[in-house]
Amino acid sequence: MELHESVMQSNGVVIFRLVLAFFRFVLVKMFEKISIAFLSLVEGLSMKGTAEDDVATFDQLSKRWWEPNGPMILLHRLNKLRVPMVVEGLIKVGKLDRKQRYTTDALKGLNILDVGCGGGIYAEALAKLHANVVGIDPARHLIEVAKAHAEAQSDIKDRCHYYEQSMEEHWQGAANKYDVVVLSETIEHVVDKSSLLKHVAEVLKPGGSVFISTWNKTSWSWLLAVVVLENIMKRLPKGSHDYDKFVSPEETEAILEAYGCRTIEQRPFYLKFWESEWVWVPFNQLTYALHAVKG
């Protein structure tokens, strides 16, 4: 009898959890749809954007790109995670010695390509560790900003080179050229992700590493990026993120695998938006970073 009651209680708990999960799902979907309708009416929210729209959006912010607490504050703060991940990742695959982890020239001699470099926030951080960095971006004004900012710094100006190019234009003369390719907050602005990552694989040397950070394709990531950060808190440029272009880690890994790049690490991270701080977390519903190796 006691066993029967225990089984009944256990079944009841399972059913309760299923019902709770269902209502949670329904509430999220309802909130998503209500948010879209409300924001579309009040602020003219657009969930779609062409590549040209994205370039124009970021181009308009070029003059304030290097303000540490300006519109690009989240990119500045993201260096706290993405730069160490490159160093740690290269140590894991044997490209760097462990002793180099905390040295000021940890990336000395490495050739790195920053795809979608913007005004150079990530590229400069890598160059300060003595990497030779090439940054490419189709936004002309951002490339001008990146060049001017690097030129004013004697310690990195000879190691930072920027070009107004897309990956489609750059890869043709750069086969097997780079030790590392980084794409940070870039892939979610690209429609043809397969073509992009194919070209990334082609410019990597055998054994080279690619590091990607981006938004996962979930309702929660849309809620944070588009609703909260773009339209409520104004921490991201309005209209700069389109949910249809978000990509899950599974899809990213599958595309990379198809072009000979094996993912060796995937780490979720999260924005404590009330503090504008990024932190590594154990759940994978919002943003993630991954490291893959060619060959």
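With R₀ set to 22 Å, the beta-carbon distance separating Thr103 from Lys205 gives a calculated FRET efficiency near 0.45. Across all directions, the average flat footprint of the convex hull enclosing the Cα atoms of region 126-229 is 8.0 nm². In the structure shown, the pairs Lys147/Lys198; Lys147/Lys294; Lys95/Lys177 are assessed against 19 Å; a Cα-Cα span above that value is assigned to Lys147/Lys198; Lys147/Lys294. Per-residue packing, averaged as other Cβ atoms within 10 Å, sorts the ranges 154-164, 67-77 into the order 154-164, 67-77, beginning with the highest. With a Förster radius of 30 Å applied to the beta-carbon distance between Glu251 and Glu277, the computed FRET efficiency rounds to 0.60.
Surface composition of region 227-290: carbon plus sulfur atoms contribute 55% of the solvent-accessible area (1.4 Å probe, protein chains only, all chains present).
Ordering 109-117, 273-281 by mean Cβ neighbour count within 10 Å, with the highest value first, yields 109-117, 273-281. Most tightly packed first, judged by the mean number of other beta-carbon atoms within 10 Å of their residues, the peptides 96-103, 167-174 read 167-174, 96-103.
Put simply, the amide H of Glu265, placed in the peptide plane, has neighbours under 5 Å in His291, leaving out anything fewer than 5 places away on its chain. Estimated at the nearest 10 Å², the accessible area of Lys294 is 40 Å² with a 1.4 Å probe.
The values are calculated or read from the model by the stated rules, or taken from the named source; none is laboratory data. Note that the structure is predicted; figures quoted are calculated from it, not measured. Reconstructed Cβ throughout: ideal geometry from the backbone, glycine too, with neighbour counts over all protein chains shown. With ligands, DNA and RNA removed, areas are computed over all heavy atoms of the protein, side chains included. Shrake-Rupley method; radii C 1.70, N 1.55, O 1.52, S 1.80 Å.
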